[in-house]
Amino acid sequence: MSDDATADGDVRGDDPLEPRPIEPAAPEEFGLTQVWWGDGKGKTTAAMGMGMRAAGHGYRVHMLQFMKGGTSTVEDVRGEYNAIAALPGFSYENSGHYGWHRFHDGTDDDEHAARATGGFERAKAIVAAAGKADLSSALPLDGPADDGVHMLILDEICYAGNRGLVDPDDVRELVESKPENLELVLTGGHERPDFVTDLADLVTNVRKESHPIESGHSARKGTEY
């Protein structure tokens, strides 16, 4: 019996684990709102993992980051930016200010607020553009986010809302305004973002049991950036 034949004589098809070219496609079941929050590591990582999975199916994905503009312990060009740039259909923007809000690192908290406000205006524009696009159809993998996306990741927007850098009521209105077929993923914050959890279809609390920072480790290249 050949390697391609089963015991019943059927011929097997292609190896299901064999990578296939990524071609533009449209998701059949997108349209939910997800919230990822908590004091544990992995919220952004989980969101980007879903983005990678969606892009692998040919769906158009965009990530807009709030509050992540780099620090003295993190390189400006993170590993995920290089990976996203190499993946068809996945794009990103960063609206964060250097440093971390309310940390004594010499950064200007007013600038944090200004950058967060700009990022939120950009988020509204992308959501509005998605509302004008036909999300039931395939979208060009190299098209701008302004022409519509199937999945939008707003990374650390919950953190920005909890800290008052963006108005929580405005975030809520943004969620309520999203088009039916847009998968919207909100991440961030150690405090529960009550302003959006009741609107979400999926809410995940990423809890910390231990973290290497507690034993003196700083952010590590390849795991945190």
**OP:** Using only Cα positions of the stretch 109-225, each an equal point scatterer, no hydration layer, compute I(q)/I(0) via Debye at q = 0.15 Å⁻¹ and quote the log10 values to two decimals.
**Re:** -0.79
Original post:
Using the 10 angstrom Cβ neighbour count as an exposure proxy, how do ILE157, ILE22, ILE126 rank, fewest first?
Top reply: ILE22, ILE126, ILE157
Subject >> Of LYS178/LYS221; LYS41/LYS124; LYS43/LYS221, pairs whose Cα-Cα distance is over 25 Å >> reply: LYS178/LYS221; LYS41/LYS124
Original post:
Using a simple charge model, +1 on the beta-carbon of Lys and Arg, -1 on the beta-carbon of Asp and Glu, nothing else, what dipole does the stretch 132-225 show about its Cα centre, in debye to the nearest 20?
Top reply: 500 debye
Subject >> Burial ordering of ARG78, ARG172, fewest other beta-carbon atoms within 10 Å first >> reply: ARG172, ARG78
**OP:** Would you order THR117, THR223 from fewest to most other beta-carbon atoms within 10 Å of each residue's own beta-carbon?
**Re:** THR223, THR117
Original post:
What span do the alpha-carbon atoms of the stretch 149-205 cover on each of the three principal axes, reported in whole Å from largest to smallest?
Top reply: 29, 22, 19
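Computed from the coordinates by the stated procedures, all read-outs in this text should not be read as laboratory data. Note that the structure is predicted; figures quoted are calculated from it, not measured. Neighbour counts run over all protein chains shown; Cβ positions are idealised from the backbone, glycine included.
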